[in-house]
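The structure under discussion appears below in the form of structure tokens.
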Amino acid sequence: FPLRQYVENRDELVAEFIRLKGRGVCTSAECPSCPEKAPALYRCLECFSVNLVCSTCCIQMHKHNPLHSIEVCIITLLAVCTFFQRTSLRALGLRIQFGHEDGSICTSPEKGPVKFAVIASNGLHHVNIDFCGCARGASVPHWKQLLRQRWFPAT
């Protein structure tokens, strides 16, 4: 794709960048991913999809990508999405389960440290974690549950 095409269409290029900073293709205020049609206020800056989704769908979509960067649409008094602000999957209620590499739900999760931070290639993330406390993984130490998901200690 020659760079010349971008130069020749620079006004449209700028308009597309502005469009991406706003709601983009999302013309509906309802979540396109769930039957509840909850308010679509969240978007991921790293997923391929540019759709806005509700908090429940955002959490569901990121159970296996818990370190993605999320933005929330800030609504003004006029009920209009004015701008996007950085938020976190932790703020939405996501809990990362360790000890169940297959993604199954632990029947007896043990809450991890409250101030658990992860340094990833896209920044610093404060996350809520749960260790396996059921018969399946109770004998596996917490540090080993982290290593089995490729989370390595930094301190």
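The table below gives the values:
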| item | result |
| --- | --- |
| Output for segment 68-78, where each listed residue is surrounded by fewer than 16 Cβ atoms within 10 Å (Cβ to Cβ), assigned to a loop (DSSP other than H, G, I, E, B) and either modelled with pLDDT of 95 or more or β-branched (Val, Ile, Thr) (or both) | 76 |
| Helices (runs of 4 or more DSSP H) contained in segment 1-67 and holding at least 1 residues surrounded by fewer than 11 Cβ atoms within 10 Å (Cβ to Cβ) | 3-8, 10-21 |
| Selected residue [at pLDDT below 95, under 16 Å from the mean Cα position of the chain (by Cα) and of a type in the set (Gly, Ala, Ser)] from 15, 29, 40 | 40 |
| Residue 63 out of contact with any helix residue (DSSP H, G or I) (no Cβ under 8 Å at 6 or more places or on another chain) and in contact (Cβ under 8 Å) with a residue 24 or more places away in the chain | yes |
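The values are calculated or read from the model by the stated rules, or taken from the named source; none is laboratory data. This is a predicted model, so every value here is computed, not measured. All Cβ positions, even for glycine, are placed from backbone atoms using ideal geometry, and neighbour counts span all protein chains on display.
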